[in-house]
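Contents: one structure, followed by commentary.
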Amino acid sequence: MMRSFQIDEYQLTATINAWTVMVWMDRRLTWQPSDYGNTRVVLMYSSQIWLPDIYLMNGVTHLEPIYMHAPVPVNSTGLVVWVTPSTFRVRCQKEMANWPYDQQKCTVILSSWSLDRDTHEVIPATHDGKLVLSNDMVKTDSHWRVTSVDGSLVNTTYNCCPGSVWHELHVEMHVARVSLLYAMSFILPCLGLTVHVLLVFWIPPDSPAKVKVATIHSVALIFFLFNLFWWMPPVGGTSVPKLVSFVSASLSLSVVSAVAAVVASNLVTRCQPPPAPVLAVFTGLVGTVLRLGDLNQQLQSTRAPFAEDGAPVQDKEATAAVRRAEWRLVAAGADRCLCLLQLAVFVFLSLACLT
C-alpha cells in the first residue's frame, strides 16, 4: 500500500514510502490455543522469526535499509502477517520530451534473493483484483501527481543461474508533473514572444524602430533559452524537450525577421525603381488582401504631381519621393507575406511542440 512519494528531478529518482504486506505460513509457529488459555494470536518481534528474503532488485543503492522492524502478529495456525513500513529508492524512466508537462514511470522490482520458483510458491494477495493500492496516499504539496499504479507478478531468469526461474513483483508508478508555475513562467512568455516577433513585420519599413525591435526580440529569446537550461533537469541521450525545440525554432525565425527588417530598411533608400511585376502584384488584389491600401494611396498621391500635361516632370526630389513610396509599398508587402508565413510556421510549431 503506497503512502507517499518524492521525486528528485535532477537525479530523476523516486523515494516511495509504502506499507508492505507479506503473508506466509510457518509450521514451526503453530500451537494449540487450548494449551495457552485460548490464545490464538501473539505479537512477536520481526527479529525473532523467519522473514521472507524479499529484496529491492533495482534500487539506487543496495546499502539502504528497506523494511522497518515492526511487531508481527502470529496466528496459532502458523499464519504470519507482516505489515512493515518500507522505503524504496528507484530510478525513473527519463522521458523529458513533454517537459514541463512530462510523465514519468518509476518501477519497483521485488524478488526473493535465495528462493526460486521451484523452492516456494508465491500466491499474490490481491485487493479487489489489485496487487498494489494507492487510495490512502498521504497528500503532499508536491507538483507531481500519481496517475496510476499497477502491479504484476512475472517470471524471470538471470545469467548467473540459467536453470532457475524467479518470481518478481513489478510495481509501476506513473506520475505526471502538475504545476501552474511552469505555465506562468514558460508557456505564456513563450507565446508572448511569438506574438512579439509577428509585430515586427507591421512596423513601417522606413522606421528605425524596426531593426531595434527585431534585435531586442532575438536577445530576449536567447535569455529565455538560458532560463530554460537553468530550470530544466539534465537531459541525456538524443531526446530534446518540445519546448526547447519550439524556442530554438522561434530563435531561428527571429533571426530571419531581423534580416528581413534590415533588408526592408535598405529597400526604401534605393533610387532604382522596383521591378514592374512586383509592384503590380502589391498594387493589385494581393495588396488589397494584405491591407496595403493606405500605402497604395500614398503612392498614387506622390505620383500625381509627377506628370504635367502627360509629360514627366524633371524633378529629382519628386522622383526620389516616388521611388521611396514604391519601395515602401514593396517592402511592406514583403513584410506582411513573411508575417503570414511565420504565423503559419508558429501555428504548426505550437501544435507539434506545445500540445
Problem - Estimated distance in nm for a label pair at ASP294 and ASP8, the labels positioned 7 Å out from Cα along Cα-to-Cβ - result: 6.0
Handout entry: Percent of Cα pairs exceeding the 13 Å cut-off, where the set is the stretch 141-195
Key = 74
Fill in the blank from the handout: Length-normalised contact order of the chain, Cα under 8 Å, at least 6 apart, in percent, tallies to 14
Exercise for the section: Compute the semi-axes of the equivalent ellipsoid of the chain, taking the square root of 5 times each eigenvalue of the Cα gyration tensor, and list them largest first in whole Å. Expected result: 77, 17, 15
Exercise for the section: Could you run the Karplus curve 6.51 cos²θ - 1.76 cosθ + 1.60 with θ = phi - 60° over the stretch 217-232 and give me ³J(HN,Hα) per residue in whole Hz, x for Gly and Pro? Expected result: 5, 5, 5, 4, 5, 5, 5, 5, 5, 4, 5, 4, 5, 6, 8, 7
Problem - Pairs of Lys in the chain closer than 22 Å at Cα, counting only those 8 or more apart or on different chains - result: 6
Exercise for the section: Add +1 for every Lys or Arg and -1 for every Asp or Glu among the other residues with Cβ under 13 Å from the Cβ of GLY78, and state the total. Expected result: +2
Completion exercise
Restricting to Cα pairs under 8 Å and 6 or more apart, the percent relative contact order of the stretch 181-353 works out to 32
Handout entry: Radius 13 Å from Cβ of LEU343, net charge of other residues (Lys, Arg +1; Asp, Glu -1)
Key = 0
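Since every read-out is calculated from the coordinates, none of them should be taken as a lab result. What you see is a predicted model; the values in this text were computed from it and never measured. In this analysis, Cβ positions are derived from the backbone assuming ideal geometry, glycine residues included, and neighbour counts consider all displayed protein chains.
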